[in-house]
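Structure first, then comments.
Taken together, the values in this text are just the output of simple stated rules run on the coordinates, not laboratory data. Fair warning: this is a prediction, and the values are worked out from it, not measured in the lab. Backbone-built Cβ (ideal geometry, glycine too); neighbour counts: all protein chains shown.
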Amino acid sequence: MKSRLYSLRIACALAVGAPALTVPTQAIAQESANDANPQYRKAFDALAQKDWSEARRLLLPLWQKAQTWDVAAGLGQAEFLLQNYAAGATYTAFALANVPPKEKTKTAERLRAALAEMKEAVATVHIAVNEDGAEILVEDQPVGTSPLAREVYLNPGTHVLQARLEGGVPSRKRLVVEAGKTYEVALSVEKPRHGSEVAIASLTSAANVERAAPIVGSPIHDRGSGPNWTPVWVTGGLAVAAAGVGTGFAINAHSAKTDGANALSEANAEFGPNPCAASNGGSSEICQSVRDAEDRRKRSNSVATVSFVVSGVFALAAVGSYFLWAKKTPPRVDAWLGPQGGGLGLNGSF
């Protein structure tokens, strides 16, 4: 009964006559160039006759050919009245955003009224991502890239939202929505960290450098002629340990960010937009959880950053130790005796 009431109200709101969640959010407003198109006229005749399926069938090829506001308006009406509520709202929002200035004011007013009615049947979702350029998906269907300025409309029920950045760690969130409500969703993607990998690679490269050839002689006194590897192993071990600590705290920071985003989503669902303001749920346990998670994220990020810097310093120290100690040949005394006489020689690096 409720869906029939929506259909009746939308039909009255739209005097004119979008794929659904993949409609582009940015487009150049175009004048209606479809008036002379026979298929376009047949589609709006079908709308007038309330043949929503036929109208949709005729309009979709036109939409795929050129995404214009008037085709979107017709598709919005047809999809909604076929009870594809999210698709109808998405097409109608596109039409409203791209009505040419030369069109009558009443056209925009009718579209605005229709969209307001449609929003009562769907959930309106604002999606924010911590990194720009991330691809945003709903049920594995792309809806745009961050920052996403437009609203996303979802049918009531459970949906899976995702943000992914090339080379980064994707973020997924399951969201249960109700008709007529607005939701704020925060997704966090994390770029890969290469600091510890670079430090360990530098250490490994230094350890594999060919050692200098020993000095040939007949030693009568040798004070530790072998290379001294102790500084290399000590500094190298500290570099690896610091990198491990940094990785652990980076993982903890990511976990805190996820916990905070989940808590914020719960707060949005309970208190609406800006949920943790003093006038809303600022003193609630959920908002306290949001603040605690943010504090933990900041602390972990700080420790991780310091650890990676320290790891890099120790890795450089390991390389320096190799050239200053391990590669150096300790002093040695050589003696020789032959037909022409004998002698002593002192060889080595100092």
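Before moving on, here are some points about what is shown:
- Calculated FRET efficiency for the pair residue 145/residue 50, C-beta based, R₀ 30 Å, to 0.05: 0.20
- Spin-label pair residue 65/residue 39, simplified geometry with 7 Å Cα→Cβ offset, distance in nm: 0.4 nm
- Gain on full stretching of the segment that runs from residue 174 to residue 277 - 0.36 nm per residue minus C-alpha separation: 34.6 nm
- Potential lengthening between residue 229 and residue 270 on full extension [0.36 nm per residue; Cα-Cα distance subtracted]: 8.6 nm
- Proximal charge balance of residue 267 [Cβ under 15 Å; K/R count +1, D/E count -1]: -4
- Each of 85, 183 has some number of other Cβ atoms within 10 Å of its Cβ, and from fewest to most they run 183, 85.
- Packing rank of 229-238, 253-262, where each peptide gets the mean count of other beta carbons within 10 Å, highest leading: 253-262, 229-238
- For region 118-182 and region 60-78, distance of Cα centres in Å: 23 Å
- Among beta bridges identified by DSSP and lying wholly in region 123-187, the antiparallel ones come to about 75 percent.
- Violating pairs (Cα-Cα greater than 25 angstrom) within the set 50/119; 119/257; 65/102; 102/181; 191/257: 119/257; 102/181
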